[in-house]
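Novice: This is the structure I have questions about; it appears just below.
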Amino acid sequence: MSSQPIVISGSGLWTPEHSISNAELVESYNAWAEQYNQQHQAQIERGELSAKPQSSAEFIEKASGIKNRYVYSKDGVLDINRMKPRFAERADDELSQQAEIALEAAKKALKAANKKPSDIGAVIVSCAYTQRAYPAIAIEVQDALGIEGFGFDMLVACSAATFGLHRAYEMVKAGTVGAVLVINPELVSPQINYCDRDSHFIFGDVATAMVIEGADTATSEHQFEILGTKAVTKFSNNIRSNFGFMSRAQDADPFAADKLFHQNGRSVFKEVCPMAAAHLQEHLEQYGYTTSDVRRWWLHQANINMNLLIAKKLLGRDASADEAPIVLDEYANTASAGSMIAFNLHHQDLKAGDVGVLCSFGAGYSIGSLVIKKR
Ligand code: CO8
């Protein structure tokens, strides 16, 4: 067991070049809904089908705080005769799209951490979906970077990034690996039902990465000691995707609406906010801190009203944008990567001794947090 501090020594962020505003997304969804209603007019009139309701950019911004999302591929999403992104299928000897974006974020994290691939002993790809079952995307990335050692994928929906950091922390703490690269290539747009008014606006694509290592090897400018990690899961069907390899044997449509992301958003909101606030309070207490000792909250980015409510429960007042930065207005919900984006964009101003909290919450349910301190 290593007695030296374990640190986050670098982080990387890859942002897709294409973005979609609420106005663009709503315009194409509404045109699709109108076309659907015209094409199914007779069944709708007979009560056999429900008419598709119109979406609204104002509703989206007010209910979620989302104004924009980035996507790997834009044109197919806005094509009302397609309503899904367009990805070319790649040959087995070509780099997969998910490994491609993972590499972009990983290279930036390595650079920020002053690390070469030969310094890394393990690669964890942790995210909401992987584009194939095996070989692991992590092993593909490991190979592309020329890293010795091992890699594996792990899926924990919205908490994949924090849970991945937990595993990295434990590996370095146990002394089995010197430095770990944790990557979150959140390529979620292929799983979004762009024909569902209630969820078509929620997600965007992104990739984030972090390097975790012992303080004795860390040389980067911005280092954060991980004081500890805390995780909890509690089964819920309120956020679900039934996509999986069983569909073939079940003679089921592998792309039916229940196989895509769907949720009971209101219940999620009500149930997860108190769980997350209590979790964070307890985690801080383990180190003798109160919430007022925290300089920055890099909270999960699913919904601005959730973040405001959680911050208010914790602090007893509204948190400022400087205390709890919001990135979902620009990036939307990026599954597990939201708090990692917030950290990436908002950590360089912290001073030695400042305490911060990285936190995720979402499907599972799952909640993960790290209490960290600027060195
Ligand atoms: N335009 C206009 N009206 C709308 C729209 C729209 N786009 N969508 C819904 N409405 C309507 C509803 O139909 C409803 O109408 P009515 O009152 O007549 O029934 C009304 O607006 C209010 O709807 P809601 O009660 O649903 O509205 P909310 O204020 O609750 O806002 C949210 C909806 C934004 C979804 C909100 O509930 C929310 O954000 N909840 C939290 C959800 C959350 O955090 N989920 C986590 C999901 S992410 C995760 O866990 C990772 C999964 C893995 C990644 C998946 C990648 C694809």
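Novice: For region 62-99, give me the residue count where each residue is loosely packed, with under 14 Cβ neighbours inside 10 Å and either among the aromatic types (Phe, Trp, Tyr) or within 16 Å of the ligand (Cβ to nearest atom) (or both).
Specialist: Number of matching residues: 1.
Novice: Which one is nearest to the ligand (Cβ to nearest atom) among residues in region 263-297 that are crowded, with 18+ Cβ neighbours inside 10 Å and outside any helix (DSSP H, G or I)?
Specialist: Restricting to residues being crowded, with 18+ Cβ neighbours inside 10 Å and outside any helix (DSSP H, G or I), the top hit is 263.
Novice: I'm checking my understanding of the structure. Among residues of region 246-262 that are over 18 Å from residue 82 (Cα atoms), of a type in the set (A, V, I, L, M, F, W, C) and loosely packed, with under 13 Cβ neighbours inside 10 Å, which one is farthest from the chain's Cα centre (by Cα)?
Specialist: The residue in question is 249.
Novice: Restricting the search to region 211-249, which residues are part of a loop (DSSP other than H, G, I, E, B) and more than 16 Å from the ligand (Cβ to nearest atom)?
Specialist: Matches in region 211-249: 215, 216, 217, 218, 219, 220, 221, 222, 223, 248, 249.
Novice: I've got another one for you. When residue 252 is evaluated against the numbered criteria (1) part of a helix (DSSP H, G or I); (2) more than 30 Å from residue 176 (Cα to Cα); (3) modelled with pLDDT of 95 or more, which criterion, by number, is the only one it fails?
Specialist: (1)
Novice: Shifting gears a bit: Among the residues that make up region 48-57, is at least one of them more than 10 Å from the ligand (Cβ to nearest atom) and not in a loop (DSSP other than H, G, I, E, B)?
Specialist: No: zero hits.
Novice: OK, next. Looking at (1) more than 15 Å from residue 162 (Cβ to Cβ); (2) modelled with pLDDT of 95 or more, which is the only condition residue 318 fails?
Specialist: Checking residue 318 against (1) more than 15 Å from residue 162 (Cβ to Cβ); (2) modelled with pLDDT of 95 or more, the one that fails is (2).
Novice: Quick one: what pairs do we get from region 171-200, first residue more than 9 Å from the ligand (Cβ to nearest atom), second among the polar types (S, T, N, Q) and in a strand (DSSP E or B), C-beta under 7 Å, 6+ apart or different chains?
Specialist: 182/126; 184/126; 184/208
Novice: Got a sec? Which of 141, 156 is under 21 Å from residue 243 (Cα atoms) and among the hydrophobic types (A, V, I, L, M, F, W, C)?
Specialist: Result: 156 is the single residue among 141, 156 that is under 21 Å from residue 243 (Cα atoms) and among the hydrophobic types (A, V, I, L, M, F, W, C).
Novice: Follow-up question, since we're still on this one. Please enumerate the residues belonging to region 153-176 that are touching a helix residue (DSSP H, G or I) at 6+ places or on another chain (Cβ under 8 Å) and outside any helix (DSSP H, G or I).
Specialist: 153, 154, 156
Novice: Something else about it: Hey, among 209, 179, which residue is modelled with pLDDT of 95 or more, under 12 Å from the mean Cα position of the chain (by Cα) and of a type in the set (Gly, Ala, Ser)?
Specialist: Result of the check over 209, 179: 209.
The values are calculated or read from the model by the stated rules, or taken from the named source; none is laboratory data. Keep in mind that what you see is a predicted model, and the values were worked out from it rather than measured. Every residue, glycine as well, gets a Cβ built from its backbone with ideal geometry; the counts of neighbours run over all protein chains shown.
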